[in-house]
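Notes follow once the structure below has been shown.
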């Protein structure tokens with residue numbers, strides 16, 4: 001497994017013990033990046049965790065993407081954000097600024113080819129496309145498959161696409177054969 005083709009996604013509910021210890025363990029493996037996904041935390045709780053995660057990631061030399069907390073990312077000096085399409089649209093309506101002018105990296109979660117095109121037009125520097133395979137995180141929702149990923153890679157042009165949903169070291173090669181830049185893993189890190 002080429003670690004530079006893997007993006008780790010956090011979920012503290014899957015961690016045994018301190019979630020920051022889990023982030024330390026992930027950082028020690030040195031994936032390409034880490035998305036701090038903890039969507040159910042308050043803004044204050046998220047900011048506290050993000051500040052500590054940023055220190056861990058900086059020390060390990062991996063990029064931290066803050067999930068949806070644009071202002072908090074700016075306040076703590078995080079240079080990368082990960083957004084859903086609705087969050088991206090809301091930001092553009094409210095602020096109108098191109099996020100790629102404010103951040104080194106702008107990751108956007110997409111679930112259709114139309115969303116991929118929208119994210120690229122809005123300045124995304126990477127696409128997280130899901131869900132590729134069936135996953136416990138999205139119980140009952142069938143995976144969209146490798147053809148969907150291949151089509152998204154083509155639609156994204158030069159913007160790298162990472163598959164998410166059921167991605168493991170065992171199926172990463174099939175993901176890469178679509179032209180994807182890599183895959184995102186969440187539950188795998190916590191096993």
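The values are calculated or read from the model by the stated rules, or taken from the named source; none is laboratory data. Predicted model, so just to flag it, every value in this text is computed and none were measured. Note that we place each Cβ from the backbone using ideal geometry, even for glycine, and neighbour counts take in every protein chain shown.
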Scanning region 168-191 for residues that are modelled with pLDDT under 95 and crowded, with 20+ Cβ neighbours inside 10 Å, which turns out farthest from residue 119 (Cα to Cα)?
-> 189
Considering only region 38-107, give the helices (runs of 4 or more DSSP H) lying wholly within it that have at least 1 residues that are more than 24 Å from residue 129 (Cα to Cα) and under 18 Å from the mean Cα position of the chain (by Cα).
-> 43-60, 70-76
Hits in region 40-62 (condition: surrounded by fewer than 19 Cβ atoms within 10 Å (Cβ to Cβ) and within 17 Å of residue 186 (Cα to Cα)) = 40
Among (1) under 20 Å from residue 180 (Cα atoms); (2) touching a helix residue (DSSP H, G or I) at 6+ places or on another chain (Cβ under 8 Å); (3) in a helix (DSSP H, G or I), where does residue 24 come up short?
-> (1)
Out of region 134-146, which residues are assigned to a helix (DSSP H, G or I), at pLDDT below 95 and surrounded by 13 or more Cβ atoms within 10 Å (Cβ to Cβ)?
-> 137, 138
Members of region 147-191 that are in a strand (DSSP E or B) and in contact with a helix residue (DSSP H, G or I) (Cβ under 6 Å, 6 or more places away or on another chain) = 161, 163, 182, 183
Looking at 120, 116, 106, which one is crowded, with 18+ Cβ neighbours inside 10 Å, in contact with a strand residue (DSSP E or B) (Cβ under 8 Å, 6 or more places away or on another chain) and under 19 Å from residue 36 (Cβ atoms)?
-> 106
Within region 77-96, which residues are crowded, with 17+ Cβ neighbours inside 10 Å and either farther than 16 Å from residue 34 by Cα or free of Cβ contacts under 8 Å to residues at least 40 places away in the same chain (or both)?
-> 78, 81, 83, 84, 85, 87, 88, 91
